[in-house]
Amino acid sequence: MITLSWNCRGVGLPSNVQFLTDVGFEGLVAVDPQGRSGGIALLWKEENNARLLGYSRNHIDIEISVAGMQPWRLTGLYGEPDRAQRKKTWDLLRHLARDSNLPWCVD
């Protein structure tokens, strides 16, 4: 599976998500922008390879299944930008860690 990750302001906006799906991504989960936050999106090439496990304004969590490989888990994470609120990000990761025993990649 090929993944692409970058920090891009506004990537979760509907017009940007539509553009990304138009250029060849079949699977898509997007979280709408909230306030000044631009939202987050996770896209993948083959729609049937991923199953949504959960999401919030700070993360998207999916299970990846590819023929001939052990299933694994991918979590796209957008940490709290305010240093005083970073504990929330670590608390979210601790909570997510309890949800599955699959091999796990956090990006």
**Item:** Qualifying residues in region 65-102 (those that are touching a Lys or Arg at 6+ places or on another chain (Cβ under 7 Å) and not small (Gly, Ala, Ser)) - the one modelled with the lowest pLDDT
**Value:** Glu80
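Here's the yes/no breakdown for (1) part of a loop (DSSP other than H, G, I, E, B); (2) touching a strand residue (DSSP E or B) at 6+ places or on another chain (Cβ under 7 Å); (3) not hydroxyl-bearing (Ser, Thr, Tyr):
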| site | (1), (2), (3) |
| --- | --- |
| Leu42 | no, yes, yes |
| Asp61 | no, yes, yes |
| Met69 | yes, no, yes |
| Thr75 | no, yes, no |
| Gly79 | yes, no, yes |
| Ala84 | no, no, yes |
| Lys88 | no, no, yes |
| Cys105 | no, yes, yes |
**Request:** Taking Arg86 as meeting all but one of (1) open to solvent by 40 Å² or more (accessible area, probe 1.4 Å); (2) without any contact (Cβ under 8 Å) to a residue 60 or more places away in the chain; (3) within 17 Å of Gly39 (Cβ to Cβ), write down the number of the exception.
**Result:** (3)
**Fill in**
Only one of (1) open to solvent by less than 50 Å² (accessible area, probe 1.4 Å); (2) of a type in the set (A, V, I, L, M); (3) under 23 Å from Ser15 (Cβ atoms) does not apply to Val66, and that is (3)
**Residue among Val11, Val29, Val17 that alone is modelled with pLDDT under 90, part of a loop (DSSP other than H, G, I, E, B) and open to solvent by less than 40 Å² (accessible area, probe 1.4 Å)** = Val11
**Asked** So how many residues does region 45-60 have that are under 21 Å from Leu96 (Cα atoms) and in contact (Cβ under 8 Å) with a residue 40 or more places away in the chain?
**Response** 3
**Asked** What are the residues in region 52-100 that are closer than 13 Å to Val29 by Cα and among the small types (Gly, Ala, Ser), if any?
**Response** Gly54, Ser56, Gly76
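The values are calculated or read from the model by the stated rules, or taken from the named source; none is laboratory data. Worth saying up front: this structure is predicted, and the values here are computed from it rather than measured. For neighbour counting, all protein chains shown are included, and Cβ atoms are generated from backbone atoms with ideal geometry for every residue, glycine included. Surface accessibility is based on the protein's heavy atoms, side chains included, excluding ligands, DNA and RNA. Shrake-Rupley method; radii C 1.70, N 1.55, O 1.52, S 1.80 Å.
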